[in-house]
């Protein structure tokens, strides 16, 4: 099975979910499902599809596309953690991880809503 994420790779999602994430949730099938959801949220919030495939994402200027990667990996990482919290040392640890990822995703989505930021991501200027 191939990594189907556009905005974030499986490795970025696994890193966001942390070392104790469930092996099933961070499997390629799991991350592919969660990244599709995350990309849908980002596209809906921005009312814009930044890249329809990996080639289009790669073609975006380097300066702005990493905020898409960070936001997508945070949103998908949350789903990985929610899938199975049993690997974490406590439920509180898992919830803390979710809170950090959520805060980053919310901050980034607020930034991404700005038309000037969207133009910067697409044009690099």
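Quick notes on this one:
- Structure-based [θ]222 nm, the chain - -39500 (n - 2.57) summed over DSSP H runs of at least 4, per residue, nearest 500: -22500 deg cm²/dmol
- Most to least packed among 43-53, 61-71 [average Cβ atoms within 10 Å]: 61-71, 43-53
- Angstrom value of the Kirkwood radius, inverse mean 1/r, which spans all Cα pairs in region 46-109: 13.2
- Inter-label distance, nm, simple model (7 Å from Cα along the C-beta direction), residue 119/residue 103: 3.3
- Stretch gain in nm, segment residue 24-residue 53, where the contour uses 0.36 nm per residue and the Cα spacing is subtracted: 7.9 nm
- The residue 33 and residue 66 beta-carbon pair, evaluated with R₀ = 30 Å, returns a calculated FRET efficiency of approximately 0.85.
- Remark: C-alpha extents of region 10-123 on the principal axes read 44, 25, 21 Å, sorted largest to smallest.
Each value in this text was obtained by applying a stated rule to the coordinates, not by laboratory testing. If you're wondering where the values come from, they're calculated on a predicted model, not measured in any experiment. Here the Cβ is made from the backbone with ideal geometry for all residues, glycine too, and neighbour counts use every protein chain on show.
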